[in-house]
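Just below is one structure, and these are the notes that go with it.
The values are calculated or read from the model by the stated rules, or taken from the named source; none is laboratory data. Just so it is clear, the structure is predicted and the values come from calculations on it, not from any experiment. We place every Cβ from the backbone using ideal geometry, glycine too, and count neighbours over all the protein chains shown. For the accessible areas, the whole protein counts, side chains as well, though only heavy atoms, and no ligand, DNA or RNA atoms are used. Shrake-Rupley method; radii C 1.70, N 1.55, O 1.52, S 1.80 Å.
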Amino acid sequence: MASQSLHHESHTHRRQLRDMRIFYFLSFFAIGGLFPLLSVYLQNEVGLRGSQIGVIMSIGPVMMLIAQPIWGLISDYTRSPRILLAISVTGTGAIGLMYVTAELYPVLIFIAAFLALFQAAMIPLSDSMVMNYVHKKGGDYGKVRLWGAAGFALAVWVMGNLSDWFGQSIIFYAFAIVLWISAWFALKMPRESQVVRVDLKKGLRKLIVVPKFVLFLIATFLVFGPIMANNFYFGLLIQFAGGSLAGVGLAFLLAAGSEIPFMRWAGSLISKQGVTAILFLAALVSGFRWLFYFLGPSPELIYVTTVIQGLSIGLFIPAALQYVRSLAPDEVKATAVSLYAAVGNGLGAWFFTFFAGLIMDWQNVLYVYLFYGVLTLCGAAVLIIIMNLEKKEGSHVDA
């Protein structure tokens, strides 16, 4: 009987991990199939100007910054994160379909904001349930989360090709259908949810007196903001260079796929070189990549250089999270991580997405990458200041 019970538990555990992987794959497949191609659709099919595209694409980060705490409160109150996750993905898919018939600029703004309101719950709720499950039952969060990266990378390639064959509107139908399928797997997610209490006022008082933390938030804004905004403008760059929609998909497949091995190597590289050295390397590489795109390379050269994304993003994300946690006192680590995410994913993504649209109206998409390159290298300079502060203190932050 004991062996049967253990076998049953093992089978249930494997099935639970499988369902979580499928949810991540499907939800990120939907996101990857829409957002990198949405700016291309808005320019080619709707005929919007760069500044209008910038406004629409920059609404998402700000709305999600506002909406995520609200979804967290609802989850705490209802204790039904699986149902809320299913509502979130179902609603997000339905709202995405509204793009098909919308042509008026104010209507498109409303759709973008409304979609972000529902999408805001997807990643926090799923991450919370999965992290708590693997902590209790065993498993590796990173190995589950990698299925999301695989889904995103594959989606842009698949949807880029399908857009060439059937027209760009197909991205909205696929977005909705895939998210609706993922809703079934959302209901099969683990019951556990992890609630992280964040006392923002208390945390801010403790963190603003740490000079390296404040400087790192500035560096995050300057380095991570362009990385996030690039997802919206990279397709326009490839089309400007003469590439096809299928080419846009290929470039994203290569770029997102290259992140996976570097994320696997990040831990050993950080332990050998030090976390700030790795952060500086990632920022420097990212900055020079953006400046190279400003020179107007051919689509083929863009495809070749997309693998640099693995070196920049694949190292920056794990190193940055580790550095933030190392700087913050134990009692405010959750606040520090929340601030880091808000500055990079929220404010940084909004700023660089919005102003890139204005720059496109003024010049063209190549100047967007000049803007990204210069400010990313400014972020690398801030990291040099942090490294010098650490040398003066006589202590390095190690893995």
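Checked against the criterion of being polar (S, T, N, Q), closer than 14 Å to Ile111 by Cβ and assigned to a helix (DSSP H, G or I), the candidates Gln68, Gln52, Gln43 yield just one match: Gln52.
Exactly one residue among Ile87, Ile53, Ile83 is more than 24 Å from Leu339 (Cβ to Cβ) and in contact with a Leu (Cβ under 6 Å, 6 or more places away or on another chain), and that residue is Ile53.
Residue by residue, here is whether (1) surrounded by 16 or more Cβ atoms within 10 Å (Cβ to Cβ); (2) touching a strand residue (DSSP E or B) at 6+ places or on another chain (Cβ under 6 Å); (3) over 22 Å from Phe252 (Cβ atoms) holds:
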{"residue": "Val130", "(1), (2), (3)": "yes, no, yes"}
{"residue": "His135", "(1), (2), (3)": "no, no, yes"}
{"residue": "Gly148", "(1), (2), (3)": "yes, no, no"}
{"residue": "Trp180", "(1), (2), (3)": "yes, no, yes"}
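A residue that is acidic (Asp, Glu) and under 22 Å from the mean Cα position of the chain (by Cα) occurs somewhere in the range 254-273. Whether a residue is over 25 Å from Met64 (Cβ atoms) and assigned to a helix (DSSP H, G or I) was assessed, and Tyr293 passes this test. Scanning the range 45-64 for residues that are open to solvent by less than 70 Å² (accessible area, probe 1.4 Å) and either of a type in the set (A, V, I, L, M, F, W, C) or more than 21 Å from Ile227 (Cα to Cα) (or both) yields Val46, Gly47, Leu48, Ile53, Val55, Ile56, Met57, Ile59, Val62, Met63, Met64. Checked against (1) at pLDDT 80 or above; (2) buried (at least 22 other Cβ atoms within 10 Å of the Cβ), Pro297 passes all but condition (2). None of Leu215, Leu162 is modelled with pLDDT of 90 or more, out of contact with any Phe, Trp or Tyr (no Cβ under 8 Å at 6 or more places or on another chain) and over 30 Å from Leu284 (Cβ atoms) except Leu162. Taken together, the residues in the range 327-357 that are farther than 21 Å from Leu65 by Cβ and either of a type in the set (Phe, Trp, Tyr) or in contact (Cβ under 8 Å) with a residue 24 or more places away in the chain (or both) amount to 3. Quick check: is even one residue across the range 381-390 modelled with pLDDT of 80 or more, among the small types (Gly, Ala, Ser) and either surrounded by fewer than 17 Cβ atoms within 10 Å (Cβ to Cβ) or over 21 Å from Phe234 (Cβ atoms) (or both)? Within the range 381-390 (the criterion being modelled with pLDDT of 80 or more, among the small types (Gly, Ala, Ser) and either surrounded by fewer than 17 Cβ atoms within 10 Å (Cβ to Cβ) or over 21 Å from Phe234 (Cβ atoms) (or both)), the answer is yes, since at least one residue qualifies.
Only one entry of Ala319, Ala246 meets the criterion of being within 17 Å of Trp157 (Cα to Cα), among the small types (Gly, Ala, Ser) and part of a helix (DSSP H, G or I), and that entry is Ala246.
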